[in-house]
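So the structure is just underneath, and the comments pick up after that.
The values are calculated or read from the model by the stated rules, or taken from the named source; none is laboratory data. Worth saying up front: this structure is predicted, and the values here are computed from it rather than measured. Cβ atoms come from the backbone with ideal geometry, glycine included; neighbour counts cover every protein chain shown.
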Number of protein chains: 12
Amino acid sequence: MSNHIYKKLELIGSSGEGIEAAVQNALARAERTVRNMRWFEVTETRGHIENGKIDHWQVTLKVGFTLED
Amino acid sequence: MSNHIYKKLELIGSSGEGIEAAVQNALARAERTVRNMRWFEVTETRGHIENGKIDHWQVTLKVGFTLED
Amino acid sequence: MSNHIYKKLELIGSSGEGIEAAVQNALARAERTVRNMRWFEVTETRGHIENGKIDHWQVTLKVGFTLED
Amino acid sequence: MSNHIYKKLELIGSSGEGIEAAVQNALARAERTVRNMRWFEVTETRGHIENGKIDHWQVTLKVGFTLED
Amino acid sequence: MSNHIYKKLELIGSSGEGIEAAVQNALARAERTVRNMRWFEVTETRGHIENGKIDHWQVTLKVGFTLED
Amino acid sequence: MSNHIYKKLELIGSSGEGIEAAVQNALARAERTVRNMRWFEVTETRGHIENGKIDHWQVTLKVGFTLED
Amino acid sequence: MSNHIYKKLELIGSSGEGIEAAVQNALARAERTVRNMRWFEVTETRGHIENGKIDHWQVTLKVGFTLED
Amino acid sequence: MSNHIYKKLELIGSSGEGIEAAVQNALARAERTVRNMRWFEVTETRGHIENGKIDHWQVTLKVGFTLED
Amino acid sequence: MSNHIYKKLELIGSSGEGIEAAVQNALARAERTVRNMRWFEVTETRGHIENGKIDHWQVTLKVGFTLED
Amino acid sequence: MSNHIYKKLELIGSSGEGIEAAVQNALARAERTVRNMRWFEVTETRGHIENGKIDHWQVTLKVGFTLED
Amino acid sequence: MSNHIYKKLELIGSSGEGIEAAVQNALARAERTVRNMRWFEVTETRGHIENGKIDHWQVTLKVGFTLED
Amino acid sequence: MSNHIYKKLELIGSSGEGIEAAVQNALARAERTVRNMRWFEVTETRGHIENGKIDHWQVTLKVGFTLED
């Protein structure tokens with residue numbers, strides 16, 4: 001693993017269900033154009049409120065992926 | 001949306017279930033006295049332990065709400 | 001409670017299910033050797049990705065426990 | 001001045017013009033209900049974009065005001 | 001304790017004596033209007049100088065109090 | 001809005017006029033290749049000095065844009 | 001001094017008197033099991049409130065001690 | 001440029017007009033005694049309020065200048 | 001007050017007594033060469049340990065003073 | 001230089017030798033696809049351990065490059 | 001890897017040579033009592049000066065190691 | 001050591017070789033005018049790039065020196 005170079009993307013995923021689903025939604029969308037995603041880090045957790053209830057979560061994450069030789 | 005002025009409240013919600021429920025509990029209580037809540041940001045995630053297990057989660061959040069003209 | 005002295009441990013728990021389970025797994029393992037755990041604080045939330053999906057979550061937490069007199 | 005106790009409010013002001021106007025708009029709205037505002041600190045500067053241009057600025061500020069004896 | 005919802009206030013207390021007295025002064029003033037204060041966190045410690053000596057301390061604190069059901 | 005996935009770019013804009021113009025210049029350049037920019041956050045404000053005067057401002061911002069389905 | 005390796009502990013001490021006593025109480029308890037403590041850093045200052053007064057202070061500190069050859 | 005050594009000063013400038021003018025005022029005053037100022041970084045933006053309006057801005061900046069050989 | 005330009009110094013004071021005395025010692029020493037000191041901010045609180053007891057406190061502070069016209 | 005707009009990339013380089021080589025490896029790989037790289041900032045320094053020894057360093061950096069007109 | 005629980009230690013290593021050697025010295029000492037060290041993160045880089053020259057480097061690191069089942 | 005008062009300087013050193021040399025260059029230049037430098041802390045590590053290679057490192061450090069009685 002010592003020869004890999006990684007690049008990081010910053011994404012925001014959303015979901016009406018919760019934090020885990022918001023992260024998975026962001027990864028599902030990113031996977032269409034980014035290969036070799038390896039890990040993520042959650043950097044911010046927010047949400048929108050409608051009528052006093054959580055309408056959807058918005059989770060910011062950084063995703064690391066390998067730049068292949 | 002450009003004419004709104006918002007105010008932020010800082011709350012701590014708790015729940016035996018998990019992070020999402022702790023946030024929802026805080027919002028449910030705040031809704032009794034605060035109108036027009038729009039979004040929240042999670043700023044701290046903690047919990048209490050009883051006998052080596054999570055007894056309840058305590059989630060600190062800031063809530064933004066509109067100050068109407 | 002005013003006479004207690006606490007010590008903090010830093011742990012990383014992991015789980016394929018989600019954030020709450022990763023914390024609980026870390027506490028379950030720590031409980032074998034640490035008595036009197038009282039609270040935890042989540043300090044970092046990360047995860048590993050396999051084939052564009054979350055493979056497992058890795059949650060860093062600090063755990064406070066009582067040093068008994 | 002050494003006997004004053006202050007309280008802080010957190011507000012978000014917005015303006016199509018710029019940062020200074022967004023702060024002034026937040027203060028103008030707060031002044032209707034808060035007396036004795038003394039100073040502010042800008043904690044976040046954001047903005048919304050429409051068609052590639054800044055539509056309006058959103059500035060978060062903390063406002064300190066005196067709690068009178 | 002798991003069912004409580006807390007709210008946080010941000011205050012600045014001052015005292016010519018020292019940090020502890022500045023915190024106590026802030027709490028004494030807040031107690032007139034806020035019931036059920038439970039804990040505080042010091043977030044900033046400053047002071048004013050007159051003729052090369054500390055004239056008074058100014059301590060910023062967040063105070064958590066219970067929102068009763 | 002709950003189904004959108006956003007990506008963030010980090011840009012630095014510059015201007016001899018001031019902070020607002022530096023942000024607008026960065027957005028004007030980014031708009032040539034990035035569609036659907038929605039908001040920005042200022043993360044750093046710097047400037048270059050010539051002969052004791054501000055020669056130009058350099059403002060770092062993160063820009064969020066929609067990844068369309 | 002250039003050959004020493006240090007390890008850090010994280011402790012929380014409490015006292016009804018003030019910040020300095022809370023630190024000293026933490027060190028007094030740690031000294032029973034940790035030899036060669038050299039310095040500390042205060043990382044968090046909190047307290048509990050009873051009836052609008054400070055009941056006790058809780059001070060978090062990191063303590064550095066020498067790992068002897 | 002690779003052989004220069006820089007030193008940083010921390011200044012606070014003020015202005016009734018706005019952020020840019022507060023920075024320029026700080027630089028104008030510093031230029032009397034500091035040669036070869038090259039860049040600045042804004043680290044804090046605050047202001048004083050009179051009668052619900054911004055009376056003046058106070059901007060903290062770090063200024064880098066060359067130590068000549 | 002709106003026309004003043006301030007400069008900040010960073011000092012570390014020490015004392016065997018406590019935090020307040022360490023700050024006062026730093027100011028007493030600085031006053032010999034710096035005129036017009038106006039305020040300070042505590043940025044770090046540390047201490048040295050001898051035989052399991054606090055030997056002396058070391059408090060880092062920033063001091064603001066006026067640059068007179 | 002006042003008319004340039006910059007974009008930042010976030011990369012992680014690795015090397016068995018040390019920090020400087022890890023940065024250089026990241027830049028060497030990025031140079032294949034990114035023109036006009038101008039500066040970098042190290043934001044995180046980590047490493048992997050094998051048998052109690054550093055196996056390789058992993059250094060996170062942000063790279064600024066010019067967006068040409 | 002998804003079933004491992006990790007614990008983190010905080011260490012300070014020193015060396016007259018440089019940053020990399022200070023980290024390696026800390027790991028070499030820790031290895032005598034800690035098994036299964038996996039990674040480290042550098043959190044602080046300092047040094048002592050004698051006669052205007054670097055006498056030795058002091059590097060603070062967190063070390064993650066596996067708690068085996 | 002308990003009676004010393006320290007002052008901190010903020011410097012930026014540069015070197016084509018690496019981080020350690022950049023720090024040493026800053027100290028060598030500062031030593032001409034500052035006596036009794038005791039320690040430094042690295043606060044920022046950056047560098048300039050020419051043709052895809054590191055041209056020189058720029059390391060920001062704070063230097064503590066004794067104010068003698």
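Within the range D:47-64, track down each residue that is within 9 Å of chain F (Cβ to nearest Cβ) and closer than 30 Å to residue E:62 by Cα.
Listed by number, the residues that qualify are D:47, D:57, D:58.
Can you tell me which of (1) surrounded by 15 or more Cβ atoms within 10 Å (Cβ to Cβ); (2) farther than 27 Å from residue A:35 by Cα is the one residue C:58 doesn't meet?
The single condition residue C:58 does not satisfy is (2).
If I filter the range L:1-35 down to residues being within 7 Å of another protein chain (Cβ to nearest Cβ) and acidic (Asp, Glu), which single residue comes out as nearest to residue K:17 (Cα to Cα)?
L:20
Right, residue B:38: closer than 20 Å to residue E:62 by Cα and either away from chain A (no Cβ under 14 Å) or modelled with pLDDT of 95 or more (or both) or not? Step through it out loud before you land on a result.
Working: closer than 20 Å to residue E:62 by Cα: no; either away from chain A (no Cβ under 14 Å) or modelled with pLDDT of 95 or more (or both): yes.
It is false that residue B:38 is closer than 20 Å to residue E:62 by Cα and either away from chain A (no Cβ under 14 Å) or modelled with pLDDT of 95 or more (or both).
Would you check which residues across the range G:11-35 are within 19 Å of residue E:62 (Cβ to Cβ) and in contact with a His (Cβ under 7 Å, 6 or more places away or on another chain) and list them?
G:14
Suppose the filter is farther than 30 Å from residue J:31 by Cα and either of a type in the set (Phe, Trp, Tyr) or in contact (Cβ under 8 Å) with a residue 12 or more places away in the chain (or both); does residue L:46 pass it?
Details: farther than 30 Å from residue J:31 by Cα: no; either of a type in the set (Phe, Trp, Tyr) or in contact (Cβ under 8 Å) with a residue 12 or more places away in the chain (or both): yes.
No, not satisfied.
Kindly evaluate residue K:20 against the criterion of being of a type in the set (D, E, K, R) and under 9 Å from the mean Cα position of the chain (by Cα). Even if it seems obvious, please write down each step before you answer.
On the way: of a type in the set (D, E, K, R): yes; under 9 Å from the mean Cα position of the chain (by Cα): no.
The answer is no for residue K:20.
Residue under question is residue A:46, and the condition is that it be surrounded by fewer than 20 Cβ atoms within 10 Å (Cβ to Cβ), of a type in the set (Lys, Arg) and farther than 18 Å from residue B:23 by Cβ; does it hold? Explain how you work it out, then say what you get.
Working: surrounded by fewer than 20 Cβ atoms within 10 Å (Cβ to Cβ): yes; of a type in the set (Lys, Arg): yes; farther than 18 Å from residue B:23 by Cβ: no.
It is false that residue A:46 is surrounded by fewer than 20 Cβ atoms within 10 Å (Cβ to Cβ), of a type in the set (Lys, Arg) and farther than 18 Å from residue B:23 by Cβ.
Determine whether residue K:34 is surrounded by fewer than 16 Cβ atoms within 10 Å (Cβ to Cβ) and either farther than 21 Å from residue L:38 by Cα or in contact (Cβ under 8 Å) with a residue 12 or more places away in the chain (or both).
Working: surrounded by fewer than 16 Cβ atoms within 10 Å (Cβ to Cβ): yes; either farther than 21 Å from residue L:38 by Cα or in contact (Cβ under 8 Å) with a residue 12 or more places away in the chain (or both): yes.
Yes: the conditions hold for residue K:34.
Could you please let me know if residue B:67 is at the interface with another protein chain (Cβ under 7 Å from one of its Cβ atoms) and either touching a Gly at 6+ places or on another chain (Cβ under 6 Å) or among the aliphatic types (A, V, I, L, M) (or both)?
Working: at the interface with another protein chain (Cβ under 7 Å from one of its Cβ atoms): yes; either touching a Gly at 6+ places or on another chain (Cβ under 6 Å) or among the aliphatic types (A, V, I, L, M) (or both): yes.
In short, yes.
Is it the case, given these coordinates, that residue H:5 is surrounded by 15 or more Cβ atoms within 10 Å (Cβ to Cβ) and over 28 Å from residue L:46 (Cα atoms)? Give the derivation first.
Numbers: surrounded by 15 or more Cβ atoms within 10 Å (Cβ to Cβ): yes; over 28 Å from residue L:46 (Cα atoms): no.
No; evaluated as a whole, the condition is false for this residue.
Would you please name the residue that is farthest from residue G:19 (Cα to Cα), looking only at residues in the range E:49-69 that are without any contact (Cβ under 8 Å) to a residue 40 or more places away in the chain and in contact with a Leu (Cβ under 9 Å, 6 or more places away or on another chain)? Write out each step before concluding.
Within the range E:49-69, the first condition is being without any contact (Cβ under 8 Å) to a residue 40 or more places away in the chain, and the residues that meet it are E:49-55, E:68.
Adding the requirement that they be in contact with a Leu (Cβ under 9 Å, 6 or more places away or on another chain) leaves E:49, E:52-54.
Values: E:49: 22, E:52: 25, E:53: 22, E:54: 19 Å.
Taking the candidates together, the pick is E:52.
Could you run through the range J:8-31 and say how many residues are surrounded by fewer than 21 Cβ atoms within 10 Å (Cβ to Cβ), of a type in the set (A, V, I, L, M) and in contact (Cβ under 8 Å) with a residue 24 or more places away in the chain?
The qualifying residues number 2.
Taking the stated definitions as given, is residue F:5 in contact (Cβ under 8 Å) with a residue 24 or more places away in the chain and in contact with a Leu (Cβ under 7 Å, 6 or more places away or on another chain)?
Details: in contact (Cβ under 8 Å) with a residue 24 or more places away in the chain: yes; in contact with a Leu (Cβ under 7 Å, 6 or more places away or on another chain): yes.
Spelling it out, residue F:5 is indeed in contact (Cβ under 8 Å) with a residue 24 or more places away in the chain and in contact with a Leu (Cβ under 7 Å, 6 or more places away or on another chain).
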